[in-house]
Amino acid sequence: MKAGWLPKLLITPSALLVLVCVYGYIMFTVYLSFTASTLLPNLEWAGEAAYTRLFSLENWNVSLGNLGVFASLYILVAMAAGLALAVLIDQKVRAESGFRSIFLYPMALSFIVTGTAWKWLLDPGVGLEHTLHTLGWETFSFSWIKDSDMAIYCVVIAAVWQTTGFVMAMFLAGLRGVDHEQVNAARLDGAKTWQIYRHVIIPQLGPVFISAFVILAHMAIKSYDLVIALTNGGPGRSTWLPSVFMYQYTFTRNEMAVGAASSVLMLLGIGVVVLPYLYSELRKAKHG
Amino acid sequence: MDKYLASRVARIALYLVLVVTAFAFIMPVYVMIVNSLKPLDEIRGGNLMALPVSWTVEPWLMAWSKAQIGVQATGLKPYFINSFLLVIPAVILSTLIGALNGYILTQFKFRFSEALFAAMLFSVFIPFQIVLIPMAKTLGMLGLAGTVKGLIFVNVVYGIGFTTLFFRNYYAAFPNELVRSARMDGAGFFGVLMRILLPNSAPIIVVTVIWQFTNIWNEFLFGASFSDFTSYPLTVALNNLVSSSTGVKEYNVHFAGAFIAAVPTLVVYLVSGKYFVRGLMAGSVKG
């Protein structure tokens, strides 16, 4: 039905809020990234100085490198573990819903809660290392969280723990939707279960792989809370991510233009991952 | 080896893997609970997996009403209340807005409606760092900086994308005949919404409310950026409790605090996990 004035009027506040507070603010931040803003926004144009400075900062390069390590491992492990759990649960196991609930409940928790729990679990003084020592395995050593070369892997562990169940649920939904005729045909041909998964079922899960990748990649780029609660960026700056960098430079180091520039790059990163996906999803929805 | 035995072994291995993994998933919360009920020296001297020898609720009392957070020794209680004062209005408002938008976007045709929906959809994904600076300025100008009201506003604004998505997809699959026959009977704009759509929206309302509740309860970045020590949400207060404690680290109090922060969303998950999963799925499979 063609919209009269009432529906148009009623959707206007939402439209304005989204246009202003999302897209208007994005443009404002992009503009700020081309100024010399420090403690407060300063609207005088300064060209790409903030970006030049950003790329020259060791803190930024470390943050970016950390994101590379964190995102690739996190996406890879969460997808592999999620798919494995989904396949295992798909074997008509007893108490299926119980297992599913257990694997998925961390998604209901705040990253601050997850970070707090893992912070002490991974702490050599009280956590797993200490526990195994008191149980008699005195040479056991696990102090990654105190080691600036290894601490980023602790962030991966906690993030994987939190989101694997979600990936599992996505794959499980995909597994339940596969074409049964092909599976039955393969079975009649005498294919083994693992062969059926490898050659018939998993190739049909392409869309789920793409969805899971997009969701995980965008979560990785946005990750902030977990790092703050787990390591607070440390030891030193060894677990800084671009999100931590942005907050630090904008709000505590009074380099607002540099902070703005870093958030623009975060947005670009997410745009590259998400926009093609949304575009194809919307087209699919439109054309059935 | 005969076939029957092989499949028995495979079956046992399957359950073994699942059970061991399940333990790994439960372990952190188990550790949180048992150690929140131990005196501190038992944690330092003993192992994290053991049940308490001398049980105590003192860490819970500390975390709830005595621990030092920010300036005063108030415990998490006032921040727990802040989080509820934030979450309840923000969830109600964003759900209502989502229902209205979903209705308008599916039942009416107007220019740019698809572009508008696409714009809302993308807003779900943006890294909120990109809006922090202008939003801080806006809240300052509106006099909402450092208030729970300001956080309500922010969470509603950035929740519109999700709630609209949920209702739009639900109403897009809604039988059109019902709407059309109601219109024939003379139902107007609100008539269709109130008498036809909303009464049939219970599942999606539950999904949206649970999703928004969980998201806003767990939200940290806006809380850390836009609130002060009178208006911190619980996540920010918990982080302050855990990270700022000088001197002796009171692990048991931290665990109790973390569990207190986890209880509301865990309860929602246990009571209505099915709807939580539907929200997750709807949020991941767009369009």
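The values are calculated or read from the model by the stated rules, or taken from the named source; none is laboratory data. Because the structure is predicted, anything quoted here is derived from the model rather than measured. Reconstructed Cβ throughout: ideal geometry from the backbone, glycine too, with neighbour counts over all protein chains shown.
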Enumerated helices (runs of 4 or more DSSP H) restricted to region A:91-155, each holding at least 2 residues that are among the aromatic types (Phe, Trp, Tyr): A:96-104, A:111-121
Residues that are under 22 Å from the mean Cα position of the chain (by Cα) and among the aromatic types (Phe, Trp, Tyr): which helices (runs of 4 or more DSSP H) entirely in region A:169-288 hold 2 or more of them? A:206-222, A:242-247, A:256-287
Counting only residues in region B:213-244 that are part of a loop (DSSP other than H, G, I, E, B) and under 26 Å from B:Gly273 (Cα atoms), the one nearest to the other protein chains (Cβ to nearest Cβ) is identified as B:Phe220
Against the condition touching a Pro at 6+ places or on another chain (Cβ under 6 Å), under 24 Å from B:Lys137 (Cβ atoms) and either more than 9 Å from every other protein chain (Cβ to nearest Cβ) or not hydrophobic (A, V, I, L, M, F, W, C) (or both), how does A:Ser262 come out, does it pass? yes
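Please work out if A:Ala81 is within 30 Å of A:Ser238 (Cβ to Cβ) and at pLDDT 95 or above. Show your work before the answer.
Numbers: within 30 Å of A:Ser238 (Cβ to Cβ): yes; at pLDDT 95 or above: yes.
When the stated conditions are applied, A:Ala81 passes them.
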B:Gly150 passes all but one of (1) assigned to a helix (DSSP H, G or I); (2) within 28 Å of B:Lys274 (Cα to Cα); (3) within 19 Å of the chain's Cα centre (by Cα); which number fails? (2)
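Among the residues of region A:1-22 satisfying the criterion of being of a type outside the set (A, V, I, L, M) and at the interface with chain B (Cβ under 7 Å from one of its Cβ atoms), which is farthest from B:Phe128 (Cα to Cα)? Talk me through it step by step, then tell me what you get.
Within region A:1-22, the subset of a type outside the set (A, V, I, L, M) is A:2, A:4-5, A:7-8, A:12-14, A:21.
Narrowing the set further to residues that are at the interface with chain B (Cβ under 7 Å from one of its Cβ atoms) leaves A:2, A:7-8, A:14, A:21.
On the way: A:Lys2: 35, A:Pro7: 29, A:Lys8: 28, A:Ser14: 18, A:Cys21: 11 Å.
Ranking the candidates gives A:Lys2 first.
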Here is a list: B:Ile88, B:Ile104, B:Ile126. Which entry is part of a helix (DSSP H, G or I) and at the interface with chain A (Cβ under 9 Å from one of its Cβ atoms)? B:Ile104
